[in-house]
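All remarks here apply to the structure that follows.
The values are calculated or read from the model by the stated rules, or taken from the named source; none is laboratory data. Computed from a prediction, not measured in an experiment: that's the story for all the values here. Every residue, glycine among them, receives a Cβ derived from its backbone with ideal geometry; neighbour counts consider all protein chains shown. Each accessible area value is taken on the protein alone, full model and side chains, heavy atoms only, with ligands, DNA and RNA left out. Shrake-Rupley method; radii C 1.70, N 1.55, O 1.52, S 1.80 Å.
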Amino acid sequence: MKIVLINPNTTHAMTIRMYNAVMPLLSADVELRPITAASGMASIEGYFDEAFVTQPMIEVIKPMADEIDGVVVGCFDDTGVDALRALLSVPVIGVCQAAMLSASVISTGFSVVTTLSRSIPIIEDLALRYGMERKCRSVRAADIPVLDLEEDSVTARKKIAEEAKIAVDRDHCEAIILGCAGMADLPSSLSEEMGMPVIDGVTAGVKFIEALIGAGFKTSKSGAYAPPRDK
């Protein structure tokens, strides 16, 4: 079972952080291949950045289309997921959808703690798209740039924990979702601190894809995810 974990930004250290976080949880028959985009943006922080990262991601995935069994997109905006689903027949999931689906099973309501406030409306729109608007109690921002997760991780973790506590106290959530793939190494310690499930979408995404592959499920090609036409 070959799964690609694609980081749509160009920060290789973030790819390694995601990979290291999920590796101990992989099933024995899973080969996880971490890939960093060769060009685009060092981090993805909103709609403008998204415009530059989908094509490089497709270009790196396309040559291996016949060699892989599934793809996890390591960006909480679920950047380029629909394009990859049209390109590939194997299952593809973004970490936001995977995290929200997971949280909806193990709680009646969750809050998302993300990086910058500009990401709040994007994540709220995704919650609506995924049918999670009633489950999503709040989306809160710790007001930290994505790259600070690499460069000043201690301060970043403190701000994330503070915002998570506010979500618990004010929004009465029953689970916390970490709204950035660069937070993939934080769930265990934060879950103990919060006293409730803290969900990282990278781990959720990889385990979802494992299950879909194991069940033999493929991406439907009868409608919107039909293969791109030759032009």
Top-ranked residue of the range 161-182 - restricted to ones that are β-branched (Val, Ile, Thr) and farther than 21 Å from residue 79 by Cβ, ranked as surrounded by the most Cβ atoms within 10 Å (Cβ to Cβ): 176
Any hit, the range 57-68, residues being open to solvent by less than 20 Å² (accessible area, probe 1.4 Å), of a type outside the set (Val, Ile, Thr) and in contact (Cβ under 8 Å) with a residue 24 or more places away in the chain: yes
Residue match in the range 72-82 (condition: assigned to a helix (DSSP H, G or I) and either of a type in the set (Val, Ile, Thr) or open to solvent by 40 Å² or more (accessible area, probe 1.4 Å) (or both)): yes
Qualifying residues in the range 5-28 (those that are outside any helix (DSSP H, G or I) and aliphatic (A, V, I, L, M)) - the one most open to solvent (accessible area, probe 1.4 Å): 28
Exclusive hit being of a type in the set (D, E, K, R), in contact (Cβ under 8 Å) with a residue 60 or more places away in the chain, surrounded by fewer than 24 Cβ atoms within 10 Å (Cβ to Cβ) and closer than 18 Å to residue 14 by Cβ, set 185, 148: 185
Residue within the range 220-228 that is closer than 20 Å to residue 78 by Cα, touching an Asp or Glu at 6+ places or on another chain (Cβ under 9 Å) and assigned to a strand (DSSP E or B) present: no
Filtered residues of the range 188-221 (kept if over 23 Å from residue 68 (Cα atoms), out of contact with any Ser or Thr (no Cβ under 7 Å at 6 or more places or on another chain) and open to solvent by 20 Å² or more (accessible area, probe 1.4 Å)): 188, 189, 191, 192, 193, 194, 195, 196
Breaking point among (1) surrounded by 16 or more Cβ atoms within 10 Å (Cβ to Cβ); (2) touching a strand residue (DSSP E or B) at 6+ places or on another chain (Cβ under 7 Å), for residue 31: (1)
Which numbered condition residue 225 misses (of (1) at positive phi; (2) modelled with pLDDT of 95 or more): (1)
Residue match in the range 126-145 (condition: closer than 26 Å to residue 16 by Cα and more than 18 Å from the chain's Cα centre (by Cα)): yes
Those residues of the range 125-145 which are over 17 Å from residue 98 (Cβ atoms), at pLDDT 95 or above and surrounded by 16 or more Cβ atoms within 10 Å (Cβ to Cβ), in sequence order: 137, 138, 140, 141
Residue list for the range 52-71, filter: part of a loop (DSSP other than H, G, I, E, B) and closer than 24 Å to residue 219 by Cβ: 53, 65, 66, 67, 68, 69
